[in-house]
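Notes follow the structure.
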């Protein structure tokens with residue numbers, strides 16, 4: 001038996017919804033930058049697309065497993081940098097990174113192999129005047145690339161000290177380095193520093209970068225002898241012991257931090273470092289130190305990559321598509337509103353009002369998700385919202401049709417509302433549960449922009465329940481208690497009420513006949 005209408009307190013539900021909306025938009029306007037603008041995907045605001053071409057020491061195509069591993073590591077780096085709405089896709093032996101907005105410069109650094117190794121400095125030489133710059137090199141055929149790597153190893157990783165010295169003197173620090181990401185850690189190495197101001201003859205690796213447990217960018221600390229930004233490292237237990245043993249045995253010697261074949265820093269060891277920590281200093285600013293810390297934190301790539309292309313993506317096509325989609329969605333919404341007003345009258349007005357309030361809640365949540373988890377709205381996400389409008393409208397229609405069924409049975413508008421709600425509520429919950437599960441499965445199995453469609457569809461389905469329970473049902477209950485709004489000519493329920501009256505009269509007549517008989 002449904003509860004009587006008097007037990008429902010519509011004002012309480014509407015007050016709860018009003019508090020939710022006020023809290024939501026207080027967060028929108030008074031947190032973050034205070035601008036009520038959602039983050040947009042690359043198809044709506046433009047961005048950068050970077051193509052990375054993999055290369056291997058033998059010049060052969062890389063394996064599918066190594067490419068997949070590289071893609072996963074780069075995706076993790078992107079997430080760690082807080083770049084929302086990005087995509088990392090495989091295209092043959094290439095990785096294509098697509099980043100919306102102003103994250104292009106960060107995207108160009110994502111292809112660093114990030115193979116950080118620690119070597120003892122055998123000798124440091126000043127960099128001589130480099131040859132005049134040559135024209136940009138074209139991509140080498142696989143065979144030429146392999147031969148260049150082998151030739152560089154034969155000289156710059158020789159075990160003959162004389163050959164190493166000759167290689168150091170001949171090394172051009174401004175030229176493309178074929179050993180980047182391909183050097184042998186078991187052999188000595190001749191390398192330049194990042195600025196091209198010094199050359200180093202380095203001993204074999206004594207500690208590998210995979211022993212790093214965590215890394216973090218550190219601001220300048222002039223009092224601590226660090227006038228610029230640096231990157232602090234914390235080693236795992238095995239790496240911490242190796243680092244402590246090395247620094248204890250090599251006081252007043254230099255230890256080189258070698259990242260992808262370049263010496264990032266070569267500090268002098270003034271005393272044993274027993275805490276399992278180290279610091280990389282160099283010509284860092286805040287952004288470059290943060291980028292390096294994030295790259296080291298998530299591990300080195302299994303392959304070396306060349307940045308073969310970096311292009312700016314225009315949002316013109318996406319904006320045009322968005323405008324067309326919004327116009328189409330607006331026309332569809334207008335037709336739905338006209339139909340509801342013509343068919344339901346007062347209930348149609350409540351439908352339009354509920355849709356507007358639902359859109360306001362969705363927009364506020366969208367802005368906050370962009371700030372908190374980096375969610376970006378793309379064309380697929382817009383499509384998810386448009387589809388969700390139909391789901392929301394279906395919930396209202398289910399409720400209203402149940403209401404009509406009750407009135408046809410001969411009940412009044414007021415007494416029909418709680419009974420219709422109890423029956424409609426189960427159907428609405430079941431339908432929205434199916435829609436949400438479908439969106440969740442699609443989100444888990446899909447990739448790229450399809451995830452955005454599934455996410456917005458699922459989120460809108462959940463918010464649909466909030467609006468139906470806290471707004472639509474209470475408003476209908478209030479309308480049923482108002483003398484003017486409950487008039488058949490205003491409520492749009494006149495036809496079904498006439499049917500209900502006839503059905504009620506027929507039941508009374510049948511009951512009277514039965515008593516007389």
Inset, instruction - Enumerate the strands (runs of 3 or more DSSP E) found wholly within the range 181-228, keeping only those where 1 or more residues are under 17 Å from residue 243 (Cα atoms). - result: 198-208, 212-218
Inset, instruction - Provide a single number: the residues in the range 188-221 that are out of contact with any strand residue (DSSP E or B) (no Cβ under 8 Å at 6 or more places or on another chain) and either at pLDDT below 85 or over 18 Å from residue 296 (Cα atoms) (or both). - result: 4
Legend entry - Complete set of residues in the range 261-272 that are in a loop (DSSP other than H, G, I, E, B) and crowded, with 19+ Cβ neighbours inside 10 Å: 261, 266
Inset, instruction - Could you please let me know if residue 356 is out of contact with any helix residue (DSSP H, G or I) (no Cβ under 8 Å at 6 or more places or on another chain) and either closer than 25 Å to residue 29 by Cβ or not in a helix (DSSP H, G or I) (or both)? - result: yes
Legend entry - Test for residue 160: is it surrounded by fewer than 16 Cβ atoms within 10 Å (Cβ to Cβ), in the same structural domain as residue 261 (by TED's automatic domain parsing) and at pLDDT 90 or above: yes
Inset, instruction - Answer yes or no as to whether residue 257 is modelled with pLDDT of 85 or more, under 17 Å from residue 115 (Cβ atoms) and in contact with a helix residue (DSSP H, G or I) (Cβ under 6 Å, 6 or more places away or on another chain). - result: no
Inset, instruction - Test residue 353 against the criterion of being surrounded by fewer than 19 Cβ atoms within 10 Å (Cβ to Cβ), free of Cβ contacts under 8 Å to residues at least 60 places away in the same chain and either within 16 Å of residue 475 (Cα to Cα) or assigned by TED's automatic domain parsing to the domain that holds residue 25 (or both), and give yes or no. - result: no
Inset, instruction - Could you grab me the full set of residues in the range 242-260 that are exposed (fewer than 14 other Cβ atoms within 10 Å of the Cβ) and either at positive phi or in contact (Cβ under 8 Å) with a residue 12 or more places away in the chain (or both)? - result: 248, 251, 252, 253
Legend entry - For residue 399: the one exception among (1) surrounded by fewer than 21 Cβ atoms within 10 Å (Cβ to Cβ); (2) modelled with pLDDT of 90 or more: (1)
Legend entry - Residues of the range 37-69 satisfying the condition of being assigned to a loop (DSSP other than H, G, I, E, B) and more than 19 Å from the chain's Cα centre (by Cα): 56, 57, 58, 59, 60, 61, 62, 63
Inset, instruction - For residue 441, work out the one condition from (1) farther than 30 Å from residue 89 by Cβ; (2) modelled with pLDDT of 90 or more; (3) exposed (fewer than 13 other Cβ atoms within 10 Å of the Cβ) it doesn't fulfil. - result: (1)
Inset, instruction - Being touching a residue at least 12 places away in the same chain (Cβ under 8 Å), surrounded by fewer than 18 Cβ atoms within 10 Å (Cβ to Cβ) and assigned to a helix (DSSP H, G or I) is the filter here, so list the residues in the range 337-347 that pass it. - result: 337, 343
Inset, instruction - Among the candidates 276, 239, single out the residue that is farther than 30 Å from residue 176 by Cβ, crowded, with 21+ Cβ neighbours inside 10 Å and touching a helix residue (DSSP H, G or I) at 6+ places or on another chain (Cβ under 7 Å). - result: 239
Inset, instruction - Identify the residue in the range 284-304 that is closer than 21 Å to residue 181 by Cβ and surrounded by fewer than 21 Cβ atoms within 10 Å (Cβ to Cβ) and, among all such residues, is modelled with the lowest pLDDT. - result: 299
Legend entry - Residue match in the range 484-498 (condition: exposed (fewer than 15 other Cβ atoms within 10 Å of the Cβ), part of a loop (DSSP other than H, G, I, E, B), out of contact with any strand residue (DSSP E or B) (no Cβ under 6 Å at 6 or more places or on another chain) and at pLDDT 85 or above): yes
Inset, instruction - Return only the number of the condition from (1) at pLDDT 80 or above; (2) crowded, with 20+ Cβ neighbours inside 10 Å; (3) farther than 22 Å from residue 204 by Cβ that residue 119 does not satisfy. - result: (3)
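The values are calculated or read from the model by the stated rules, or taken from the named source; none is laboratory data. The structure presented is a predicted model; accordingly, all values stated were derived computationally and were not measured. Don't worry about glycine lacking a Cβ; one is built from the backbone with ideal geometry, like all the others, and counts go over all protein chains shown.
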